[in-house]
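Novice: Shown below is the structure under consideration.
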Amino acid sequence: MKTWKVVVTDDVQDDLDNFVYYLLVEKLSRQAAKAVLDDYDETIEELSKVAGALKPLEDLELTDYRKIRLRRHNYYLLYRLCGDTVIVDRMFHDLQDIDRVMKE
């Protein structure tokens, strides 16, 4: 089985930090924040194994991208393949407007 090298951009780290901050400060839930962090780590590990198997997005502006969902939360990672490397560019919540965020 092929193993992909996963590179996480600063934007993804910022996205994750913002989600965790919201859970800690706004929702006052350390447990929820830890659960999202654990789910994120597991998803990154899974991505290193399945990145090439997931289909590209059909959106005309995002055809270079693919996404993988976190298993237990309403978040997903947007990534692209570059040789044997997976570049994770953003993390989104299901309720976010991906088109608006990607155009910023």
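Novice: For the range 36-79, give me each residue that is charged (D, E, K, R), part of a strand (DSSP E or B) and within 15 Å of Val8 (Cα to Cα).
Specialist: Within the range 36-79, Arg66, Lys67 qualify.
Novice: If you don't mind, there's one more thing I want to ask. Looking only at the range 1-28, which residues are in contact (Cβ under 8 Å) with a residue 24 or more places away in the chain and either of a type in the set (Phe, Trp, Tyr) or in a helix (DSSP H, G or I) (or both)?
Specialist: Trp4, Asp11, Val12, Asp15, Leu16, Phe19
Novice: From the list Arg80, Arg72, exactly one residue is surrounded by 11 or more Cβ atoms within 10 Å (Cβ to Cβ), over 12 Å from the mean Cα position of the chain (by Cα) and within 23 Å of Trp4 (Cβ to Cβ). Which is it?
Specialist: Going through Arg80, Arg72 in turn, the sole match is Arg72.
Novice: Take Val7 and tell me if it is loosely packed, with under 14 Cβ neighbours inside 10 Å, of a type in the set (Val, Ile, Thr) and touching a strand residue (DSSP E or B) at 6+ places or on another chain (Cβ under 9 Å).
Specialist: yes
Every read-out reported here was derived from the displayed coordinates using simple, explicitly stated rules and does not represent laboratory data. All figures in this text were calculated on a predicted structure; none of them were measured in a lab. So basically every Cβ, Gly included, is an ideal-geometry build from the backbone, and we count neighbours across all protein chains shown.
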